[in-house]
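Structure first, commentary second.
The values are calculated or read from the model by the stated rules, or taken from the named source; none is laboratory data. All of these numbers come straight from a predicted model, not from anything done at the bench. Note that we place each Cβ from the backbone using ideal geometry, even for glycine, and neighbour counts take in every protein chain shown. Ligands, DNA and RNA are stripped out before the accessible areas are found, and what is left, the full protein with its side chains, is counted by its heavy atoms. Shrake-Rupley method; radii C 1.70, N 1.55, O 1.52, S 1.80 Å.
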Amino acid sequence: MKRQNGWDMFAFEGETAVTIESLDLYYGSFHALKNICMAMPKHAVTALIGPSGCGKSTLLKTLNRLNDLIDGCRITGSVRIGARDIYAKEVDVSALRKNVGMVFQKPNPFPMSVFDNIAYGPRTFGVRKKAELSGLVENSLKAANLWAELKDRLHKSALSLSGGQQQRLCIARALAVQPKILLMDEPTSALDPISTGKIEELCGELKEAVTIVMVTHNMQQAARISDKTGFFLLGDLVEFGDTGELFASPKQEATMNYISGRFG
Amino acid sequence: MRDAHTSGRKRETAAKAVFGFAAAFSVFAVFAIIFYIFYAALPAFREIGVFHFLFGKLWAPDKEFLAVSERFGILPMIVGTLCVTAGAVLVGGGIGIFSAVFLVAFCPKKLRAPLSHLIHFLAAIPSIIYGFFGLAVLLPVLDKLSPTGSGMGVLACSLILGLMILPTVTGIAKDSLEAVPSAYFEGALSLGASREQAMFGTVLPAAKSGVLTALILGTGRAVGETMAALMVAGNAAAFPTGLFSNLRTLTINMVLEMAYASPGSLHRNALIATGAVLLVFILALNGILGLLRHKKRERKIRPDRPPTPAKSQKPFSEPVFKKRGGLPRTLKYLSAVLSGVVLLALALIVGFILIKGLPAISPAFLFGPSGNAAASLRPAFVTTGLLILTALAVALPIGIGAAIYLSEYAKQNSRIVKVIRLFTETLSGMPSIIFGFFGVIFFCELLGLGRSVLAGGLTLSLIILPTVIRAAEESLLAVGDSLREASLALGAGRLRTIFYVVLPSAVSGIVTAVILGIGRIVGESAALIYTAGAVMYTPQGLLSEGAGFAVMMWKFSGEGLYLDYAYATAATLLLFVAILQALVALCKRGLTRGKRA
Ligand SMILES: Nc1ncnc2c1ncn2[C@@H]1O[C@H](COP(=O)(O)OP(=O)(O)O)[C@@H](O)[C@H]1O
Ligand SMILES: [Mg+2]
């Protein structure tokens, strides 16, 4: 059965979705992530905050191995999704990425129809039947709160949508392959406040089904929607803990300075 | 599960190898061309002797009572080539640089785009039309000026070749002028220089190496031009002695005598050896270009320091032109006048050919039967169609594959990319006639295809390959990385990403490549005469001979009887070229609009 390939190969037991241990990452000689250790619980939103260039996106991309594409990028330490070491030799990167979806800072829909955008992932993993694809498209759009808006425009180009719709389409596209984890890299930074609100609301609903790791520039956003927060500075994970606690009584002075707006 | 995983990985590896091979194809092609031309020329060098061949003053292959070492000398042709090349660079290079300056600095904004389009159009006009224009319009005028009563020779050849290289020079000089940091221009203005002083005193000198590149590329084009030179040079294998003295270039020698040099004969080998000498010239020019580019890059590596008046930047502390007005103003008017001359030349060419050619076009002439009794363009339509199909069938997959390798797999600016670019550029700088000779040696003889449309099409595929690679690569690189990331993040492999996301977004660039290739094929003559043939009948298939429009036109204009036909063919060709140019412009516009979305 070809369908099985990559669909269900991931062991995802236990309470923790992502376990990072002593992770170091280098871009050439540049040490971008320094000895990172963190455990992200399942069915929760983990927020990564910190000033620009501190390594948030880099960390996110180690979780779906999108860093593999960058020349000179070197990683030591271990990253486990569920029980699985994702940097082990035998890991099928494609299956990994099916289980760990990603939404980017700028909406990046493919220049094709809404339907084809969402069907792209399932088709990659061998779904060909029209009825099955239609079902997946409908469910994904519903999950992204887009079905009502787009059900009559499935065959229009995705590029004709508004920015906020495009970003939710990208979320729907990521959901269509039924990932266990969804990575979001500043997903609202290019959007207006109303679209931002819709996406924040969506995150709250989605975490029933998927574990969310979100990079955000916006501390209020982190405080509003996340369960756990990690604060990064110059490649170090300065502080990581429950969101409420971290914002109310940060243990580190740097965290304090950052969340009170003294730099960044 | 594991099986699908490894088989997927194998497929990815195999694909990478295939694309890599496509990318290396230009390198093979360049080596093959050099190797086979020299290999086939070897017997001639050996029998005649390199020294006697290069410096012999007499070319008389049929004077068999003379020693071999005495009757195969190409010095007159080397001198002829150098003469007309110098003339062409003087005419086309000079005017080309001035019109580039005009376009960049003095041209009213509204005229800039249309003028650039016209210059592109000038570049797309086939050589055979330039030659025919020279023959039919320029020569009668020069005849009146010439003391001998014949206008053929050095002057006519220089003017026509100059006109032909002009768009190359203008295009590249314009790019390099536009690349000069605006700080130079503004810096000069802030010191009280006028616009024209700033342009000629500061910006033009700053663009020196780009302008030099433009001139060298123009030189290469002039050295290798065949058909246009053939029609106005007079073709006597003697040393040129004045503006109106007949001459023969290396290329003319090759194309003129190949028709009656029997295979295997020393005569034919000597013609191929002429090609080898031409190739040495072209490769030397390429070498100079490479050095120039190397030097430029070295200079760029140093941190960009915008010139400050305090530093001893000459144009600033000590303006080249002391007085306002004066020389710079004269140069400005000169640039405007010379740009006008270019437009006039273009108008003359197009005007003459359309006025004389359009009335001669009739349905019977276009599509009627063709043979010894009547001539029509039907064979040209069929031949050209077959040539396009063959050439695209080979060049498109290889070219797109190479572009995919360069943009999707290779590290940008890595050594391998540089090598492939260098060879692709070398390939694109080779003269048609060299491709023609290679086609004869390799496709017709070695592969045994004989003189056939297939051999012609394969030869053309090499000619259009660099264009396809460049246009496809450009459009692939224009596709945003965010789309690639989106696809990969969904678990798609590289291949799927390339074929379902990247290539569809690059379609307009690939269509541009196809159109540019077709334009080149439609107007090609020198590469086809001896590979596809110069017959008047309709080819029955890929293995029979056939002549396209340009070769037909050459036949019509050579046999004085058919001058009307030649005009009509020229008009047809010109219309094709105009339509293709318009399509390219549309595609480009689509491309920029797509990027904005
Ligand atoms: N491909 C790369 N090559 C080299 N350095 C990189 C690359 N990507 C990011 N960096 C560097 O790594 C650091 C972290 O970048 P990033 O993770 O994008 O930061 P953030 O998302 O927190 O703003 C920055 O200093 C950045 O310059
Ligand atoms: Mg970032």
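Quick check on my filter: what residues within the stretch A:83-120 are of a type in the set (Lys, Arg), more than 25 Å from A:PRO41 (Cβ to Cβ) and more than 7 Å from chain B (Cβ to nearest Cβ)? Explain how you work it out, then say what you get.
We begin by selecting, within the stretch A:83-120, every residue of a type in the set (Lys, Arg); these are A:84, A:89, A:97-98, A:106.
With the extra rule that they be more than 25 Å from A:PRO41 (Cβ to Cβ), the set shrinks to A:89, A:106.
Hit for the stretch A:83-120 is A:LYS89, nothing else.
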Residue in the stretch A:179-195 that is farthest from the other protein chains (Cβ to nearest Cβ), counting only those that are out of contact with any strand residue (DSSP E or B) (no Cβ under 6 Å at 6 or more places or on another chain) and in contact (Cβ under 8 Å) with a residue 12 or more places away in the chain: A:ILE194
Only one of these is more than 8 Å from every other protein chain (Cβ to nearest Cβ), charged (D, E, K, R) and either within 16 Å of ligand 1 (Cβ to nearest atom) or in a strand (DSSP E or B) (or both): A:ARG123, A:ARG80. Name it. A:ARG80
Of those in the stretch A:126-139 that are buried (at least 16 other Cβ atoms within 10 Å of the Cβ) and over 27 Å from A:MET214 (Cα atoms), the residue farthest from the other protein chains (Cβ to nearest Cβ) is A:LEU133
May I ask you to list the residues in the stretch B:513-556 that are surrounded by fewer than 24 Cβ atoms within 10 Å (Cβ to Cβ), β-branched (Val, Ile, Thr) and within 20 Å of B:GLY131 (Cβ to Cβ)? B:VAL522
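Restricting to helices (runs of 4 or more DSSP H) lying wholly in the stretch B:194-238: which have 2 or more residues that are of a type in the set (Gly, Ala, Ser)? Don't jump to the end; show me each part of the working.
Working: elements: B:195-198, B:208-224, B:227-232.
Those helices (runs of 4 or more DSSP H) span B:208-224, B:227-232.
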Conditions (1) part of a helix (DSSP H, G or I); (2) within 13 Å of another protein chain (Cβ to nearest Cβ); (3) among the polar types (S, T, N, Q): number failed by A:THR58: (2)
Please enumerate the residues belonging to the stretch B:49-63 that are in a loop (DSSP other than H, G, I, E, B) and either open to solvent by 90 Å² or more (accessible area, probe 1.4 Å) or closer than 16 Å to B:ALA236 by Cα (or both). B:GLY56, B:LYS57, B:LEU58, B:ALA60, B:PRO61, B:ASP62, B:LYS63
Could you check the stretch B:380-414 and list, in sequence order, the residues that are assigned to a helix (DSSP H, G or I), within 26 Å of the chain's Cα centre (by Cα) and of a type outside the set (A, V, I, L, M)? B:PHE381, B:THR383, B:THR384, B:GLY385, B:THR390, B:PRO397, B:GLY399, B:GLY401, B:TYR405, B:SER407
Just to confirm my filter: which helices (runs of 4 or more DSSP H) fall fully inside the stretch B:77-173 and include at least 2 residues that are open to solvent by 20 Å² or more (accessible area, probe 1.4 Å) and not hydrophobic (A, V, I, L, M, F, W, C)? B:109-124, B:139-145
Suppose we keep only residues that are outside any helix (DSSP H, G or I) and open to solvent by less than 10 Å² (accessible area, probe 1.4 Å) within the stretch B:491-509. Which one would you say is farthest from B:LYS10 (Cα to Cα)? B:ALA506
I'm checking my understanding of the structure. Among residues of the stretch A:83-112 that are closer than 26 Å to B:LYS10 by Cα, more than 14 Å from the chain's Cα centre (by Cα) and among the small types (Gly, Ala, Ser), which one is nearest to ligand 1 (Cβ to nearest atom)? A:SER94
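For the subset of the stretch A:55-90 comprising residues that are small (Gly, Ala, Ser) and within 16 Å of ligand 2 (Cβ to nearest atom), which member is least open to solvent (accessible area, probe 1.4 Å)? Outline the logic, then answer.
If we filter the stretch A:55-90 for residues that are small (Gly, Ala, Ser), which is where we start, we get A:55, A:57, A:72, A:77-78, A:82-83, A:88.
Checking the rest, the ones that are also within 16 Å of ligand 2 (Cβ to nearest atom) come to A:55, A:57.
Values: A:GLY55: 11, A:SER57: 42 Å².
The residue in question is A:GLY55.
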